Amino acid sequence: MMSPGHEIGFGLLANSAIDQHVNTRGRESDLDPVMAAHPDLLGIGIDQSAAIVVHGDSFFVVGGQVAIHDGKEHDGARYYFLSSGQAFDLRTRSLDTRDQTGEKYPLTLTVTTATRSQTKSGVKTVGVGLLESKDSSNPKSKRVGFECNVSLYSIGGNPYPARAESTNEIGILEREINTDKVRPYACKY
């Protein structure tokens, strides 16, 4: 990873070192020597089923998991994982918890298929997903077809915080690609 002549990447994210296919190839620790040699960098290991969407001074995970190497010890490892839907603050180099939903969104909508199209009012996503309770004592789940006026992702089994709004309507929390703000959207199912 630190072969002479291969230490500079694309420069897409300042002060970071990024590795790919981390979980699939068992390379969770591959960024450790990079971090030891360059402790000022943030290490980001992205699984092949994951992506990060960067906007301003934060990013959020879409699908899969992302390993964060911050130069600290985490339960015996030099990294910890962020899962789909979690956000990271690049200024503080910490998990962004501003959008934690608590009991306001007791359900999740896990998208399994999605097709996005452009409409006059923005993006519309039509797809199929699994609507389930976050309460482990009530593990009921329901397969639903849905339509939402926001971009939703099916890669990596993204769980979106959700709540029942009315008959055949749920509210979800989501970030549009061009913003780092999470906001509610109504979806019909």
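The values are calculated or read from the model by the stated rules, or taken from the named source; none is laboratory data. The structure displayed is predicted, hence computed values, not measured ones. Methodologically, a virtual Cβ is constructed for each residue, glycine included, from the backbone with ideal geometry; neighbour enumeration extends over all protein chains shown.
A search for C-beta distances below 8 Å between a residue of the stretch 32-53 that is closer than 16 Å to Arg91 by Cα and any residue that is of a type in the set (Lys, Arg), counting only pairs 6+ apart in sequence or on different chains, returns Leu42/Arg93; Val53/Arg175. Screening the candidates Glu176, Glu169, Glu103 for the property of being modelled with pLDDT of 80 or more and not hydrophobic (A, V, I, L, M, F, W, C) yields one hit, Glu169.
Filtering the stretch 60-85 to residues that are under 30 Å from Ala114 (Cα atoms) and not β-branched (Val, Ile, Thr) leaves Phe60, Gly63, Gly64, Gln65, Ala67, Tyr80, Phe81, Leu82, Ser83, Ser84, Gly85. Scanning the stretch 54-79 for residues that are surrounded by 17 or more Cβ atoms within 10 Å (Cβ to Cβ), within 14 Å of the chain's Cα centre (by Cα) and either on the phi < 0 side of the Ramachandran plot or modelled with pLDDT of 85 or more (or both) turns up Ser58, Phe59, Phe60, Val61, Val62, Gln65, Val66, Ala67, Ile68. Of the residues making up the stretch 37-49, not a single one is surrounded by 19 or more Cβ atoms within 10 Å (Cβ to Cβ), of a type in the set (Ser, Thr, Tyr), outside the structural domain of Ala114 (by TED's automatic domain parsing) and farther than 16 Å from Ala14 by Cβ. Looking across the stretch 21-41, not a single residue is modelled with pLDDT of 85 or more and closer than 28 Å to Leu152 by Cα. The number of residues in the stretch 57-88 being closer than 18 Å to Ala14 by Cβ and out of contact with any Phe, Trp or Tyr (no Cβ under 9 Å at 6 or more places or on another chain) comes to 2.
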